[in-house]
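Read the structure below first, then the notes.
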Amino acid sequence: MSMNGNGAVNGQGGATPKISLQGVKKAFGPKVVLDGIDLDIARGESVVIIGGSGTGKSVLLKCILGILEPDAGTIRIDGEDTTHARGREREAMMRKFGMLFQGAALFDSLPVWENVAFGLIQGQQLGRREAKERAVATLGAVGLNPEVADLFPAELSGGMQKRVGLARAIATRPEVIFFDEPTTGLDPIMADVINDLIVKCVRDLGATAVSITHDMASARKIADRVAMLYKGRLIWVGPVSEIDRSDNPYVEQFINGRAEGPIQMQIRAF
Amino acid sequence: MIGFVNGIGRTTLAFMEATGKLAMFTALALSHCLRPPFYLRHIGRQMVDIGYYSLPVVGLTAVFTGMVLALQSYSGFARFNAESAIATVVVLSITRELGPVLAGLMVAGRIGAAMAAELGTMRVTEQVDALTTLSTNPFKYLIAPRLIAGTTMLPLLVLVADIIGVFGGYLVSVYRLGFNASTYINNTWQYLEFMDVVSGLVKAACFGFVIALMGCYHGYNSKGGAQGVGAATTNAVVSASILILVLNYLLTGIFFS
Ligand SMILES: Nc1ncnc2c1ncn2[C@@H]1O[C@H](COP(=O)(O)OP(=O)(O)O)[C@@H](O)[C@H]1O
Ligand SMILES: [Mg+2]
């Protein structure tokens, strides 16, 4: 495995990467958010993307999912170019994916079990009864009682919503799962519970995982490889074991959580 | 001077862009209304919401409109002894114009706003994105059922409004103005043509489509948090109401000229 400070780092060489990004760029009006992202993610690998708030981590995931269309560059899933896929092609591709959204994004008009079973009913045309059984089983896998199944998302605490979101993401047994800040806003114990669940689910499914987090404890637990996003580029990519010896001042500042360093927060003095 | 011209140019461009965006949205939404799969549960739920739960509002509007029409036309027509025309005035005004337009405006406030708020909230809380990741097309799942329900339910609602409105006129004429009941009913039927009712129902279908379209369009495209959803709701109601009035004029022109 090769590694350098400033560019693409490929995962296990040889086999087609599960997800491959080349030169992905995205701007909103004059604001450049992604400025040429190159990254290969191998099958079964767990990559964690770290970086400050508003650096475009969520935008990167949304570009891969096709929720946002990149301005330039190519995105390949299993070697197939899906950058501009639409309609049925996009829907077929989506069946490989599960996503846990930053704010859980549960459908508040549906009870918990229908949220979890949504991909089974709509995507896989499973009958409602069978789907409900699968949903309750999946809820069990993330540590939620069957009683929760008939509640509505608004009746749940933040940690429970994250768990339901996790259950929804894994219910269709996807090949790739994205986690957008799975532990943000949770207490440290619940955060660790979620981390364990993520590790377990990913391992059980043998899925490829891409997670976003600011939480280094979480990153160390989940990641095989860590990529750091700064000013629209991946400035460091490497195995999690090497993150403490990155020799990259940006990474060091971030993982140690220091205010002083090369990363300047945009705070104006009064 | 340059600034002024620039301003006009920019406004024109923005208008054209918005029109183009709306046209694309409409075309896409329509194509999803016509292609399977159809989410029958959702269509059904929307139909109940739009048709059944709007009945009280629309019924009240219609009955008072019919009543006031009878009262007004009596006080006017009594001046030249044309009281017998009241029944005809009531039934024609209601079926051709007031039924569809007033029901449309009331439903725009009730349903257009609700659709924009619901879709807008789903948009800003990423529920719309979540649909996509679950292999479900938001146009098919969220928008098509609303358009179908709006277009089909408004004519039914207006048919009910027509009947209630005419009944309101009857109540005032018979119990307050002292008309003979059977004469009034005869007068109501005498000059009513099939086309009067049908034109109103066609208008209603168009209004229903416009209400749902505006609710969905503004909700689907809302951005920013609560404020964005609020703006989307206002825009949906205002634009639907204006479009109803403009369309009403155009359709009347087509039907009765
Ligand atoms: N749909 C959008 N329209 C305009 N700007 C956006 C949109 N989505 C994200 N942005 C901007 O892109 C930047 C990165 O956002 P995001 O990816 O959510 O950051 P984070 O790294 O915290 O997840 C932010 O400055 C945000 O304002
Ligand atoms: Mg984010």
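Looking only at region B:138-167, filter to residues that are surrounded by fewer than 21 Cβ atoms within 10 Å (Cβ to Cβ) and in contact with a Leu (Cβ under 8 Å, 6 or more places away or on another chain); which one of those is nearest to B:GLY200 (Cα to Cα)? Give the steps one after another, and end with the answer.
So in region B:138-167, the residues surrounded by fewer than 21 Cβ atoms within 10 Å (Cβ to Cβ) come out as B:138-139, B:141, B:152, B:156, B:159-160, B:163, B:167.
Next cut, in contact with a Leu (Cβ under 8 Å, 6 or more places away or on another chain) only: B:138-139, B:141, B:159-160.
On the way: B:PRO138: 32, B:PHE139: 29, B:TYR141: 30, B:LEU159: 9, B:VAL160: 12 Å.
My answer is B:LEU159.
Can you pull out every residue in region B:216-248 that is surrounded by fewer than 16 Cβ atoms within 10 Å (Cβ to Cβ) and outside any loop (DSSP other than H, G, I, E, B)?
Selection gives B:ALA226, B:GLN227, B:GLY230, B:THR234, B:VAL238, B:ILE242, B:LEU245, B:VAL246.
Hey, could you check region A:111-142 for residues that are part of a loop (DSSP other than H, G, I, E, B) and in contact (Cβ under 8 Å) with a residue 24 or more places away in the chain and say which is farthest from A:LYS18 (Cα to Cα)?
Among those residues, the one meeting the criterion is A:PRO111.
What residue, among those in region A:144-175 that are of a type in the set (D, E, K, R) and either away from every other protein chain (no Cβ under 14 Å) or on the phi > 0 side of the Ramachandran plot (or both), is most open to solvent (accessible area, probe 1.4 Å)? Can you show your working first?
If we filter region A:144-175 for residues that are of a type in the set (D, E, K, R), which is where we start, we get A:147, A:150, A:155, A:162-163, A:168, A:173, A:175.
Then drop every residue that is not either away from every other protein chain (no Cβ under 14 Å) or on the phi > 0 side of the Ramachandran plot (or both), which leaves A:147, A:150, A:155, A:163, A:173.
Working: A:GLU147: 131, A:ASP150: 93, A:GLU155: 115, A:ARG163: 37, A:ARG173: 155 Å².
Across region A:144-175, the extreme among qualifying residues is A:ARG173.
Does A:LEU39 count as near ligand 1 (Cβ under 9 Å from one of its atoms) and either in a strand (DSSP E or B) or within 14 Å of another protein chain (Cβ to nearest Cβ) (or both)?
So A:LEU39 fails the test.
Kindly indicate the residue of region A:67-79 that is open to solvent by 30 Å² or more (accessible area, probe 1.4 Å) and farther than 11 Å from A:LYS26 by Cβ and also farthest from ligand 1 (Cβ to nearest atom) among those meeting that condition.
A:GLY79
Within region B:121-135, restricting attention to residues that are more than 7 Å from chain A (Cβ to nearest Cβ) and closer than 22 Å to A:ALA92 by Cβ, which residue is surrounded by the most Cβ atoms within 10 Å (Cβ to Cβ)?
Filtering region B:121-135 for residues that are more than 7 Å from chain A (Cβ to nearest Cβ) and closer than 22 Å to A:ALA92 by Cβ, the one surrounded by the most Cβ atoms within 10 Å (Cβ to Cβ) comes out as B:LEU131.
Before we move on, is A:PHE178 in contact with a strand residue (DSSP E or B) (Cβ under 8 Å, 6 or more places away or on another chain) and within 14 Å of another protein chain (Cβ to nearest Cβ)? Write out each step before concluding.
On the way: in contact with a strand residue (DSSP E or B) (Cβ under 8 Å, 6 or more places away or on another chain): yes; within 14 Å of another protein chain (Cβ to nearest Cβ): yes.
Here the answer is yes, as A:PHE178 does meet what is asked.
Could you check how many residues of region A:43-98 are within 14 Å of chain B (Cβ to nearest Cβ), out of contact with any Leu (no Cβ under 8 Å at 6 or more places or on another chain) and assigned to a strand (DSSP E or B)?
Of the residues in region A:43-98, 2 are within 14 Å of chain B (Cβ to nearest Cβ), out of contact with any Leu (no Cβ under 8 Å at 6 or more places or on another chain) and assigned to a strand (DSSP E or B).
Of B:LEU171, B:LEU192, which residue is part of a loop (DSSP other than H, G, I, E, B) and more than 14 Å from every other protein chain (Cβ to nearest Cβ)?
Exactly one residue qualifies, and that residue is B:LEU192.
Can you find, within region A:53-66, the residue that is surrounded by the most Cβ atoms within 10 Å (Cβ to Cβ) among those that are within 9 Å of ligand 2 (Cβ to nearest atom) and on the phi > 0 side of the Ramachandran plot?
Checking each candidate, the answer is A:GLY56.
Considering only region B:104-120, state which residues are surrounded by 22 or more Cβ atoms within 10 Å (Cβ to Cβ) and within 14 Å of chain A (Cβ to nearest Cβ).
B:MET115, B:LEU119, B:GLY120
Conditions: (1) farther than 16 Å from A:THR138 by Cα; (2) under 21 Å from the mean Cα position of the chain (by Cα); (3) within 10 Å of another protein chain (Cβ to nearest Cβ). A:PHE118 meets all but one. Number of the miss?
Among (1) farther than 16 Å from A:THR138 by Cα; (2) under 21 Å from the mean Cα position of the chain (by Cα); (3) within 10 Å of another protein chain (Cβ to nearest Cβ), A:PHE118 violates only (1).
Taking the conditions exactly as written (away from chain B (no Cβ under 11 Å) and either in contact with an Asp or Glu (Cβ under 6 Å, 6 or more places away or on another chain) or more than 30 Å from A:ARG76 (Cβ to Cβ) (or both)), does A:LEU106 satisfy them or not?
So A:LEU106 does not fit the description; no.
Answer yes or no as to whether B:SER75 is over 20 Å from B:ASP196 (Cβ atoms), of a type in the set (S, T, N, Q) and more than 19 Å from the chain's Cα centre (by Cα).
yes
I'm trying to understand the selection: among the residues of region A:176-191, which are open to solvent by less than 60 Å² (accessible area, probe 1.4 Å) and assigned to a helix (DSSP H, G or I)?
A:MET190, A:ALA191
Within region A:215-232, how many residues turn out to be surrounded by fewer than 17 Cβ atoms within 10 Å (Cβ to Cβ) and over 19 Å from A:PHE179 (Cα atoms)?
Within region A:215-232, residues that are surrounded by fewer than 17 Cβ atoms within 10 Å (Cβ to Cβ) and over 19 Å from A:PHE179 (Cα atoms) number 1.
Can you confirm whether B:VAL48 is touching a residue at least 24 places away in the same chain (Cβ under 8 Å) and among the β-branched types (Val, Ile, Thr)?
Spelling it out, it is not the case that B:VAL48 is touching a residue at least 24 places away in the same chain (Cβ under 8 Å) and among the β-branched types (Val, Ile, Thr).
The values are calculated or read from the model by the stated rules, or taken from the named source; none is laboratory data. Quantities reported herein were computed from a predicted structural model and do not represent experimental measurements. Ideal geometry is used to build each Cβ from the backbone, glycine not excepted, and the neighbour counts take in all protein chains shown. Side chains included, ligands, DNA and RNA excluded: accessible areas come from the protein's heavy atoms. Shrake-Rupley method; radii C 1.70, N 1.55, O 1.52, S 1.80 Å.
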